[in-house]
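Enquirer: Take a look at this one; I'll ask things after.
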Amino acid sequence: MKYAAAVIIVFTLTALSPCQSAEPWQRHAIDDSSRGADGVRLADVNGDGHLDITTGWEEGGVIRVYVNPGPSKAAAKWPAATVGTVKSPEDAVFADLDGDGALDVVSSCEGKTRTMFFHWAPKSAEDYLKSESWQTETVPCSAKQQSWMFALPLDVDGRNGIDLIVSSKGENASIGWLESPADPRNVSDWKYHRLRDAGWIMSLVAYDMDNDGDLDVVASDRKGSKRGVLWLENPGKENAASGAAWIDHSIGGASRENMFVDVISHRGKSAAVLSAVKPAGLVRFQRSEFAGPARATAEGPGWSGYTIEIPGEKLGTGKSIRSADVNLDGNEDLVYSCEKANGAKHGVVWLDMTQEGLKIRPISGPEGVKFDLIQMVDLDADGDLDVITCEERTNLGVFWYENPTR
């Protein structure tokens, strides 16, 4: 199969056209009590229909949970608790590890810690925000083994409840999975299974890439000889339980430093993968059968890539990307976050899909330097999607930007 050259589209912030608001969106602090907020992961912990948050504070060395107070109170700081104290946390994610109905938290730590921890939630909902009711335990099979970066709860083998896809960076880095034992509370019985060597894993996303009814894992590896965007083919629960390999499929991006990715449905038929890349810009990877003539470059087998380069004069370096209809015009827009947004540079913007092409619109303005993973949720129940993220250099903490569309 032959491919044409990549299309390179360049935009600048100086070419902003009028929009609903040329000003940055209003920022609402959820928590700014510690240092180095590093990622936001979501789940409904109490069944009230509102998404709650857990975050690891890397420099502060704490794992926190935040219970969404509902639309009328979302602009104030959220009820919160410290559920564990660990050093150098890179990620925290909700998971009901022991199947008791209460969402626990898993933290992944790098630095000198190089260990994963389970933070066991109290069984009583009334105690969920009481820090003293939580219990933290080391996962022995992970201890001092790798610089753990990101975890994804997933029932891999159909036995003993939820398992964890886990990943790391640097020496001995990998993507693997932690197998839950018959008694998940017995942390010594959790087992680690290596799936793939890695350089520096940024993303793990569960998505059925081959439409066979089970969830595969899409990942971005930003460093090393195996870097790029890829997906690991789930062999099925019975095969996974017996130790079957997960086939490693390249999507593309081996020539780029890929950061966080977003996986979206394309025309209801196939997945498209968006990747924020350094130093700036993004790539949209599409199945080759949907690629237009003379528009795409060859990537992994069966994939084509569309590149959007964004000059760095007005933005920081690429970090995270989300697809969403920001202004409710029926078109797909893109929300983009950055690191190194020093001085007058913008750290969070959205790319407006207009009839004239993409236009860059401000969200954060110049305040803040190092932003992280983006989540899109209608927190104030006004019908448009707001942006949840965090910032870890100027200690803006965990917060959300209020979409001015409505």
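Enquirer: I'm told LYS77 meets every condition in (1) charged (D, E, K, R); (2) surrounded by fewer than 20 Cβ atoms within 10 Å (Cβ to Cβ); (3) over 23 Å from GLY397 (Cα atoms) except one. Can you identify the failing condition by its number?
Expert: Of the numbered conditions (1) charged (D, E, K, R); (2) surrounded by fewer than 20 Cβ atoms within 10 Å (Cβ to Cβ); (3) over 23 Å from GLY397 (Cα atoms), the odd one out for LYS77 is (3).
Enquirer: For the stretch 311-324, give me the residue count where each residue is part of a strand (DSSP E or B) and either acidic (Asp, Glu) or open to solvent by 20 Å² or more (accessible area, probe 1.4 Å) (or both). Before you say what the answer is, go through the steps one by one.
Expert: Taking the stretch 311-324 as the starting set, the residues that turn out to be part of a strand (DSSP E or B) are 315, 317-324.
If we keep only those that are either acidic (Asp, Glu) or open to solvent by 20 Å² or more (accessible area, probe 1.4 Å) (or both) as well, we get 317, 322-323.
The qualifying residues number 3.
Enquirer: In the stretch 200-233, what residues are of a type outside the set (Lys, Arg), in a loop (DSSP other than H, G, I, E, B) and without any contact (Cβ under 8 Å) to a residue 40 or more places away in the chain?
Expert: Going through the stretch 200-233, the residues of a type outside the set (Lys, Arg) turn out to be 200-221, 224-225, 228-233.
The next check asks that each one be in a loop (DSSP other than H, G, I, E, B); those that pass are 208-215, 224-225.
Matches in the stretch 200-233: ASP208, ASP210, ASN211, ASP212, GLY213, ASP214, SER225.
Enquirer: With the requirement that a residue be of a type in the set (A, V, I, L, M, F, W, C) and either touching a helix residue (DSSP H, G or I) at 6+ places or on another chain (Cβ under 8 Å) or open to solvent by less than 10 Å² (accessible area, probe 1.4 Å) (or both), what does the stretch 210-245 give you? Before the answer, list the steps.
Expert: The first filter runs over the stretch 210-245 and keeps only residues of a type in the set (A, V, I, L, M, F, W, C), leaving 215, 217-219, 229-232, 240-241, 244-245.
VAL217, VAL218, ALA219, VAL229, LEU230, LEU232, ALA240, listed by residue number.
Enquirer: Keeping to the stretch 349-365, report how many residues are closer than 16 Å to THR317 by Cα and either touching a residue at least 60 places away in the same chain (Cβ under 8 Å) or touching a Pro at 6+ places or on another chain (Cβ under 8 Å) (or both).
Expert: Within the stretch 349-365, residues that are closer than 16 Å to THR317 by Cα and either touching a residue at least 60 places away in the same chain (Cβ under 8 Å) or touching a Pro at 6+ places or on another chain (Cβ under 8 Å) (or both) number 7.
Enquirer: Search the stretch 254-271 for residues being modelled with pLDDT under 95 and buried (at least 20 other Cβ atoms within 10 Å of the Cβ), and hand back the single one that is farthest from the chain's Cα centre (by Cα).
Expert: If we take residues in the stretch 254-271 being modelled with pLDDT under 95 and buried (at least 20 other Cβ atoms within 10 Å of the Cβ), then ARG256 is farthest from the chain's Cα centre (by Cα).
Enquirer: Still on this structure, please answer the following. Could you run through the stretch 130-183 and say how many residues are touching an Asp or Glu at 6+ places or on another chain (Cβ under 9 Å), within 15 Å of ALA92 (Cβ to Cβ) and open to solvent by 10 Å² or more (accessible area, probe 1.4 Å)?
Expert: The number of residues fulfilling the criteria is 4.
Enquirer: With respect to TRP190, is the statement that it is open to solvent by less than 20 Å² (accessible area, probe 1.4 Å) and under 24 Å from the mean Cα position of the chain (by Cα) true?
Expert: no
Enquirer: For the stretch 359-379, check the following and say yes or no: at least one residue is surrounded by 17 or more Cβ atoms within 10 Å (Cβ to Cβ) and under 20 Å from GLY252 (Cβ atoms).
Expert: no
Enquirer: On the basis of being closer than 23 Å to SER220 by Cβ and open to solvent by 50 Å² or more (accessible area, probe 1.4 Å), does ARG406 make the cut?
Expert: The answer is no for ARG406.
Enquirer: Just the residues that are in a strand (DSSP E or B) and free of Cβ contacts under 8 Å to residues at least 12 places away in the same chain, please, taken from the stretch 238-268.
Expert: SER265
Enquirer: So, one more: For the stretch 169-191: of the residues being without any contact (Cβ under 8 Å) to a residue 60 or more places away in the chain and polar (S, T, N, Q), which is nearest to LYS144 (Cα to Cα)?
Expert: Here the answer is ASN172.
Enquirer: Would the stretch 100-119 turn up any residue that is at pLDDT 95 or above, more than 24 Å from ASP155 (Cβ to Cβ), open to solvent by less than 40 Å² (accessible area, probe 1.4 Å) and of a type in the set (Ser, Thr, Tyr)?
Expert: Yes, because at least one residue in the stretch 100-119 is at pLDDT 95 or above, more than 24 Å from ASP155 (Cβ to Cβ), open to solvent by less than 40 Å² (accessible area, probe 1.4 Å) and of a type in the set (Ser, Thr, Tyr).
Enquirer: Something else: Would you be able to tell me the number of residues in the stretch 368-391 that are within 18 Å of ALA341 (Cβ to Cβ) and either out of contact with any Leu (no Cβ under 6 Å at 6 or more places or on another chain) or among the hydroxyl-bearing types (Ser, Thr, Tyr) (or both)?
Expert: Counting residues in the stretch 368-391 that are within 18 Å of ALA341 (Cβ to Cβ) and either out of contact with any Leu (no Cβ under 6 Å at 6 or more places or on another chain) or among the hydroxyl-bearing types (Ser, Thr, Tyr) (or both) gives 11.
Enquirer: How many of the residues making up the stretch 325-349 are under 23 Å from ASP382 (Cβ atoms), open to solvent by 10 Å² or more (accessible area, probe 1.4 Å) and under 23 Å from the mean Cα position of the chain (by Cα)?
Expert: 4
The values are calculated or read from the model by the stated rules, or taken from the named source; none is laboratory data. Since the structure is predicted, the reported quantities are computational estimates derived from the model, not experimental observations. Backbone-built Cβ (ideal geometry, glycine too); neighbour counts: all protein chains shown. Keep in mind that these areas ignore ligands, DNA and RNA; they rest on the heavy atoms of the full protein, side chains included. Shrake-Rupley method; radii C 1.70, N 1.55, O 1.52, S 1.80 Å.
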